[in-house]
Amino acid sequence: MIQIRPAQDRGHANFGWLDSHHSFSFGRYYDPRHMGVSNLRVINDDTVLGRAGFDTHGHSDMEIVSYVLEGALVHRDSMGHGTLIKPGEVQRMSAGTGVEHSEFNYSESEPVHFLQIWLRPNQLGVEPSYEQKQFPYTERQGRLQLIVSPDGRDGSLRSNQDALLYSGVFASGQTASHQLAGDRPGYVHLARGEAMLNGQPLQAGDGARIDAGARIELQGSDDAEVLLFDLPPEQ
């Protein structure tokens, strides 16, 4: 079974400099029906104005993925990294025993639009680590490419969690499919554009919870960019 949640039903917070939509309970937004799926805990769809951003703050025991859609995001952390994340690039940060970082819009005038994704780790108290990689649109066109995994297979980023995160870019009519194992649920987030999920229409920002063992069929309708999570059994 597939349960689609329209984009407009997500939690929403607007602080002027930050416009954020929450797929799951986060910050001041709380809905016991939407606390995450398996170890997927957060998908925040953030737009940050020019020169604005998140001041230095701390995290621990969380796997954090930043996925930039438009603009550029400046990342600095207590591990000594200072990087720029652009569209097509994905960053993975394992907070582990504790890390502090900041994220700011690189541009003085144009907004940056990105997704921040949190997954609970397999093991607590690991050493913090960081990884960033480019996944060209040409390699994701018309297919699902693995971008985050627990073992770094197929050129993906390696993370301390048991989830497979795929990204695909689909023009109208392009299709891809994915089979979930019998005990593994899934989640689809449409980052932008329009798509069909098992014959049901999705708009930008829509999410879909998918039962374990299901076969997922995706078809692009209008320049769709899709994230697919293949998740461990629900506890």
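Every number in this text was worked out from the coordinates using simple rules, so none of it is lab data. Everything quoted here is computed from the prediction, not taken from an experiment. Positions of Cβ are generated from backbone atoms using ideal geometry, with glycine treated the same way; all protein chains shown enter the neighbour counts.
Relative contact order, percent, of the stretch 106-196 when contacts are C-alpha pairs under 8 Å separated by at least 6 residues?
Numbers: 88 pairs, mean separation 20.7, N = 91.
Reported as a whole number, the value is 23 percent.
Volume per residue of the convex hull around the Cα atoms, evaluated for the stretch 62-130, comes out as 70 Å³.
Each Lys and Arg adds +1 at its Cβ and each Asp and Glu adds -1 at its Cβ; summed about the Cα centre, the chain shows a dipole of about 260 debye. Label point of Lys133 set 7 angstrom out along Cα-Cβ; within the stretch 90-114, amide nitrogens under 12 Å from it belong to 90-92. For the chain, taking Cα atoms only, Rg and Dmax work out to 16.7, 48 Å respectively.
In percent, what relative contact order does the chain have, based on Cα pairs under 8 Å that are 6 or more apart in sequence? Over the chain, the number comes to 19 percent.
Can you check how the C-alpha radius of gyration of the stretch 6-83 compares to 2.2 N^0.38 Å, as a plain ratio? Walk me through the intermediate numbers first.
Working: Rg = 13.8 Å, N = 78, 2.2 N^0.38 = 11.5 Å.
It is 1.19.
Taking every Cα-Cα distance in the stretch 120-198 and sorting them into 5 Å bins from zero, the calculated P(r) comes out as 3, 12, 21, 23, 18, 14, 6, 2, 1, 0 percent.
For a distance above 26 Å, tell me the whole-number percent of Cα pairs in the stretch 1-134 that qualify. Mind showing how you got there, number by number?
Working: 1945 of 8911 pairs.
Tail fraction, whole percent: 22.
With a Förster radius of 25 Å applied to the beta-carbon distance between His57 and Asp151, the computed FRET efficiency rounds to 0.25.
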